[in-house]
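Scroll down for the structure; my scribbles are underneath it.
Please treat every number below as a calculation from the coordinates, not as lab data. Predicted, not measured: the structure shown is a model, and the values here were computed from it. Here the Cβ is made from the backbone with ideal geometry for all residues, glycine too, and neighbour counts use every protein chain on show.
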């Protein structure tokens, strides 16, 4: 590696299946191009619903049917089996997102491992992470104590960190999950991973 | 070719830049897989705005910036230069769409050629096709008389054909441009052309 390259910024919402799918592939993709990945938890409820004024995908006529079909196809293609169904009621993602920022602040460098564990628990295992205690139960994965993490998730610092992170993501134009920015170039959607791959390979 | 294969249904709105981009590649892609293409003009104003209740892309905060960027990147990658800018006021696409259905009824088999000419005129040459006379001026491309086509575009038959076609597209779950259906499988977006390609290559 001659020169240090900018990392890939990877934005996701824990309740986004497409975000989960991307989380499974982004590290390998980045490694192929000598890049690191900086993970960022964001909230579709703020970007899509409040800022853009749109409805959730599954509440949007026509698109909901398509998304269910597209997701099933993606899972077949990548050999994924999930306990959670897209049509299951979805959790409030804020506890998981605050947990992510608590890890970033208190176990820096472990936030991606935490995010992978949370995604895995929610999507593959079908567990609910809507309550802070559910999220804190993942603490051992990153070598933390559940009690300390539970307190952290409910702290003002974690709330402020999440609020700041969401504001920063909006300021960078991030609205969907997954969303990637590398060398200032934005890529939206799990189906843009191939484009991102080509783009990095071709040098932009 | 052992058995006759189903054609690829290709749905587009003339005012959609992504639909235009797809129109430039779909025939070659289909030919690689021994498929024909059935072209269908649809109206985003009916699917996206009326049925789904969403805003036009460029009126949607955050997404508008992304779309401009993504389009510029796509054009660089594919070596496209267009006189029309995405931010130019867009035409009422109904005259072009009625022209398309008039061609399908009166010059069957020529509707794809007409659609390519209309896309080219609107996007690459930057001409306006909002008025029936502008559309009818393309008639020679498919061996028709402009006067006959003009009358056709304004006929009740063309209006009914467009209305029926849009209703049929909605009934099949089509909402975006471009949108493809092959062997019952839907694909949305110009960036899904690669996926469609792989899907056809792998046999679904």
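Computed on the Cα trace of the protein assembly as shown, the radius of gyration divided by the Kirkwood hydrodynamic radius gives Rg/Rh = 1.02. How much of the DSSP beta bridge set in chain B is antiparallel, as a percent to the nearest 5? That works out to approximately 60 percent antiparallel.
The slack between residue A:147 and residue A:163, meaning 0.36 nm per residue of separation minus the straight C-alpha distance, is 3.5 nm. Placing a label point 7 Å from Cα along the Cα-to-Cβ axis, residue A:167 is separated from the same position in the other copies by 5.2 nm, shortest listed first. Over the stretch B:101-181, what is the relative contact order in percent, taking alpha-carbon pairs closer than 8 angstrom and at least six residues apart? That works out to 24 percent. Here residue A:61 yields copy-to-copy label distances, from shortest upward, of 2.6 nm, the label point defined as 7 Å from Cα along Cα to C-beta.
Working from label points 7 Å from Cα in the Cα-to-Cβ sense, the residue A:154 to residue A:125 distance is 2.2 nm. Using Cα-Cα distances under 8 Å and only pairs 6 or more residues apart, what relative contact order does the stretch B:1-94 have, in percent? The value is 29 percent.
Beta bridges per DSSP, both residues in the protein assembly as shown: antiparallel share near 60 percent. Taking square-rooted eigenvalues a ≥ b ≥ c of the alpha carbon gyration tensor, is the stretch B:1-151 rounded, prolate or oblate, where a/c under 1.5 means rounded and, failing that, a/b exceeding b/c means prolate? Note, shape of the stretch B:1-151 comes out oblate. From the square roots a ≥ b ≥ c of the eigenvalues of the alpha-carbon gyration tensor of the stretch A:63-204, which class results: rounded (a/c under 1.5), prolate (a/b over b/c), or oblate? Since a/c reaches 1.5 but b/c is at least a/b, the shape of the stretch A:63-204 is classed as oblate. Mean sequence separation of contacting Cα pairs (under 8 Å, at least six apart), scaled by the length of chain B, corresponds to a relative contact order of 30 percent. Going by neighbour counts of Cβ atoms within 10 Å, the residues A:103, B:46 line up, fewest first, as B:46, A:103. Residues A:156, A:13 in ascending order of nearby Cβ atoms (within 10 Å, fewest first): A:156, A:13.
Here r is the Cβ-Cβ distance between residue B:4 and residue A:65 and R0 is 30 Å; the resulting FRET efficiency, rounded to 0.05, is 0.60.
Modelled spin labels at residue A:113 and residue B:86, positioned 7 Å past Cα toward Cβ, are 4.0 nm from each other. Each copy carries a label point for residue A:76 at 7 Å from Cα along the beta-carbon vector; from one copy to the others these points are 3.7 nm apart, nearest first.
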